[in-house]
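The values are calculated or read from the model by the stated rules, or taken from the named source; none is laboratory data. If you're wondering where the values come from, they're calculated on a predicted model, not measured in any experiment. We place every Cβ from the backbone using ideal geometry, glycine too, and count neighbours over all the protein chains shown. The protein model used for the area step is the full one, side chains on, heavy atoms only, and it has no ligands, DNA or RNA in it. Shrake-Rupley method; radii C 1.70, N 1.55, O 1.52, S 1.80 Å.
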Amino acid sequence: MSQTSHGVGGVSYDAKRRTWPAEFNVFLALVILVVIFEMIGRIFLGDSFLFNTRDNVAGIFNEARLQIIILQVSIVGIIAIGVTQVIICGGIDLSSGSIVGATAMIAMSFAQVATVNGNPNPNPKAMFLAQGWTDLPVIVPVLVAIGCGLLAGLVNGSLIAYTRIPPFIATLGMMVTARGIAKWWSKGQPISFPTESFAGIGKGLMPVIIFLSLAVLFQLIMTYTRYGKHCYAIGSNEDAARMSGIKIANHKILVYVIAGILAALAAVVLSSKNLTAQSGMGVMYELDAIAMAVIGGVSLSGGRGSIVGTVIGSLIFGVIISGFTFLRLDAYYQEMVKGVIIVGAVVLDQWRQRMRALRA
């Protein structure tokens, strides 16, 4: 007998319709992908993808590869946390990569040392001052970066909320504008030589720690706070959310502001890790972030998804990149596979929606 009564108002429970969390499917895909690379490596290369095979190194797992997998996706993963919230709320953000480029240039110009090897720092100074603001406390460039991200997100959100133009167009305009600002800020010249404290932000595994800390924080926020519940409500049915008293415009602005700030934080980590800022930083990051979210089970139609799923989706990205390197395949194959995976994830999401509609 498949149906049993809960004893409350005649509500019945159908055991056949039990489903495990969507994140479990994504995690299963991650495990299968690792197994595939492991089997190919064992059969064709005589080497292991995940496990340590060297006698002179203690430990079961290949720790260096595991660190590379998470390190190479952690910065884009920070962006993906913000993009996930935007998509759940029914929007899209194409500007995050360009915000990274502009913010990296501006923040790095506030993070420089006064002298390099005993000579004056030759790089462009903050605000184009010839004699400048150098050797500033690390909090200054970080706050400047947050301000840049906040402003960009505020513009995006306000355009979408008050002019009602599609998020695609609003954020596309910001993408072009921010990239122009990145090139204009120092007339196309890279900015380098940060202070030691600023350089420490991106040193070692700090990008991973920042990424995972933000992921835990926003998973809790999306699950247990009014902000998160409003995101899901607006993404599921904006008209119903409006009738229930949710201030749609204010909430959309807040979502895009948070996404902008997270992109700015990613810029700080990236420029700190590389010890330099260039106007071309962050190119295609927005598409990788969207792909991580979609692969992680976030519906492009809005209303469904989680930060946990996005984190697993980012790990899938990292495994693909590291796995192709392990198999000694050229980088352009990675781009092809990324495209196939993104399209496949969207097709799967559409299929799930149709099945859910049929069962309803």
Checklist entry - Just a yes or no: is a residue in the stretch 184-202 touching an Asp or Glu at 6+ places or on another chain (Cβ under 9 Å) and surrounded by 18 or more Cβ atoms within 10 Å (Cβ to Cβ)? => result yes
Item to check | Number of the exception - Val319 against (1) under 17 Å from Ser96 (Cα atoms); (2) among the aliphatic types (A, V, I, L, M); (3) buried (at least 19 other Cβ atoms within 10 Å of the Cβ) | outcome: (1)
Next on the checklist: Can you find a residue that is assigned to a loop (DSSP other than H, G, I, E, B), open to solvent by 10 Å² or more (accessible area, probe 1.4 Å), under 23 Å from Asn250 (Cβ atoms) and at pLDDT 95 or above anywhere in the stretch 139-157?
Outcome noted: no
Checklist entry - Name the pairs: first residue in the stretch 234-246 and within 20 Å of Ile92 (Cα to Cα), second residue small (Gly, Ala, Ser) and part of a helix (DSSP H, G or I), Cβ to Cβ under 6 Å, at least 6 apart or on different chains? => result Ile234/Ala241; Ala241/Ala233
Checklist entry - Is the stretch 159-168 home to any residue that is open to solvent by less than 30 Å² (accessible area, probe 1.4 Å), of a type in the set (Ser, Thr, Tyr) and either modelled with pLDDT under 95 or assigned to a helix (DSSP H, G or I) (or both)? => result no
Item to check | Count of the stretch 322-334 residues which are modelled with pLDDT under 85 and either farther than 19 Å from Val76 by Cα or loosely packed, with under 10 Cβ neighbours inside 10 Å (or both) | outcome: 5
Checklist entry - Just a yes or no: is a residue in the stretch 38-48 free of Cβ contacts under 8 Å to residues at least 24 places away in the same chain, aliphatic (A, V, I, L, M) and open to solvent by 10 Å² or more (accessible area, probe 1.4 Å)? => result yes
